[in-house]
Amino acid sequence: MTLAAPWVLHVDLDQFIAAVEVLRRPELAGLPVVVGGRGDPTERGVVATASYEARASGVGSGMPLRVAARKCPEAVFLPVDKEAYDAASVEVMQTLRALTWGGVPVVVEVLGWDEAFLGAGAEHGDLGDPREFAGHVRAEVLAATGLHCSVGIGDNKLRAKIATDFGKPRGVWQLTAENWDEVMGERPTTALWGIGSRTGKKLAGLGIDTVAQLAASDARVLAAELGPTMGPWYHRLGRGVDTSPVDATPWVARAHGREETFQTDLEARADVEAAVRALTRRALEDIDAEGRPAARVGLKVRLRPFITVSRSLTLPAPTNDPATLEDAAVSLLDRLDPRDRERPVRLLGVRLEMVPPPEGY
């Protein structure tokens, strides 16, 4: 089910993973909490999330745990517990789906563990003040789950998504065509949802540094420099234009992967192959649960000192046979450059891409 509605809400849980951990351990409330790896900052691993108290010391997602410990030595480090976050996410999304707006159930488009778009259901009545409904959403989520969230309000999904950041934490913010230029105009292009640092650098090379400059740019120049599809799309982002509807169609995975960072680099080829086979078996469990065979195998290798390479291959025929998939994954090691095959291995990842479901994606 898809829906175009006069208002779109973006719901984003505040410091979700850290908040789930604090719910389980109330004594951690107000303390700097860092979640990542096995919870040991002396080991290799990266930060999955940090509480606001830890972020105030410069700790951020993706940062090595050792660096986080140096920045915030008083932090409490906890291991990642995916099952707990899955369960909390399910509870949040069930709460959102139970809401009504304008007299009909809301349409919920799940974006991930901790965020979703909300739209008014079909044949809705008076929607009232969207800020009032956003406050109601926040209160319902808190009452049902004990978790706080922020809500962005927009006249499309793009603006609602960006608005949320202005409301964090535990707030509501509204961004529409009316205040777009005032709020976003002088911000860097990377403030836009969909533009990362790499694209931001490309735009800067064209003399485009701000959202206002992007909005005023020539779409034909962008198309010539950045591609006929992406160039005009970036131009629309600069103007805050987004026509995509809130879509409640369940997300269907295209692939499943597993990876592991080793506490001690793997140097022997036999050890590397054994690790690749073990990761393949773990990924196979995930695609077996989907009921679809693998059509493509990918391998990610992080080498000493910190070089990451990837290789992939399409299988002769889709399969769920463990031996076939393990052999395919191991064969990708031989596709590395000869010098790279001699380097110690810091991390390995195996990705199994499945055949599409009968109904397509």
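List of remarks:
- Close Cβ contacts (under 8 Å, 6 or more residues apart or on different chains) running from residues in the stretch 300-313 that are assigned by TED's automatic domain parsing to the domain that holds residue 342 and in contact (Cβ under 8 Å) with a residue 12 or more places away in the chain to residues that are assigned to a loop (DSSP other than H, G, I, E, B) and surrounded by 12 or more Cβ atoms within 10 Å (Cβ to Cβ) comprise 301/336; 303/343; 303/344; 304/343; 304/344; 307/343; 309/336; 311/336.
- Subset of the stretch 104-125 (residues that are charged (D, E, K, R) and either in a strand (DSSP E or B) or not assigned by TED's automatic domain parsing to the domain that holds residue 13 (or both)): 109, 115
- Taking every residue in the stretch 48-73 that is in the same structural domain as residue 15 (by TED's automatic domain parsing) and pairing it with any residue that is of a type in the set (Lys, Arg) and surrounded by 15 or more Cβ atoms within 10 Å (Cβ to Cβ), at least 6 positions away or on another chain, the pairs with Cβ-Cβ distances below 6 Å are 57/71; 58/71; 59/71.
- Matching option when the condition is touching a His at 6+ places or on another chain (Cβ under 6 Å) and not β-branched (Val, Ile, Thr), among 289, 270, 283, 275: 283
- Verdict on residue 138 being within 16 Å of residue 6 (Cα to Cα), touching a residue at least 12 places away in the same chain (Cβ under 8 Å) and among the charged types (D, E, K, R): no
- Top-ranked residue of the stretch 147-182 - restricted to ones that are of a type in the set (A, V, I, L, M) and under 19 Å from residue 241 (Cα atoms), ranked as surrounded by the fewest Cβ atoms within 10 Å (Cβ to Cβ): 177
- Scan of the stretch 191-225 for residues that are in contact with a strand residue (DSSP E or B) (Cβ under 8 Å, 6 or more places away or on another chain) and either surrounded by fewer than 17 Cβ atoms within 10 Å (Cβ to Cβ) or within 11 Å of residue 238 (Cα to Cα) (or both), ordered by number: 209, 210, 211
Residue-by-condition table, conditions (1) at pLDDT 95 or above; (2) out of contact with any Ser or Thr (no Cβ under 6 Å at 6 or more places or on another chain); (3) surrounded by fewer than 16 Cβ atoms within 10 Å (Cβ to Cβ):
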{"site": "4", "(1), (2), (3)": "no, yes, yes"}
{"site": "8", "(1), (2), (3)": "yes, yes, no"}
{"site": "12", "(1), (2), (3)": "yes, no, no"}
{"site": "28", "(1), (2), (3)": "yes, yes, no"}
{"site": "38", "(1), (2), (3)": "no, yes, yes"}
{"site": "71", "(1), (2), (3)": "yes, no, no"}
{"site": "75", "(1), (2), (3)": "yes, yes, no"}
{"site": "82", "(1), (2), (3)": "no, yes, yes"}
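The values are calculated or read from the model by the stated rules, or taken from the named source; none is laboratory data. Remember, predicted model here, so these are calculated numbers, not experimental data. Cβ atoms come from the backbone with ideal geometry, glycine included; neighbour counts cover every protein chain shown.
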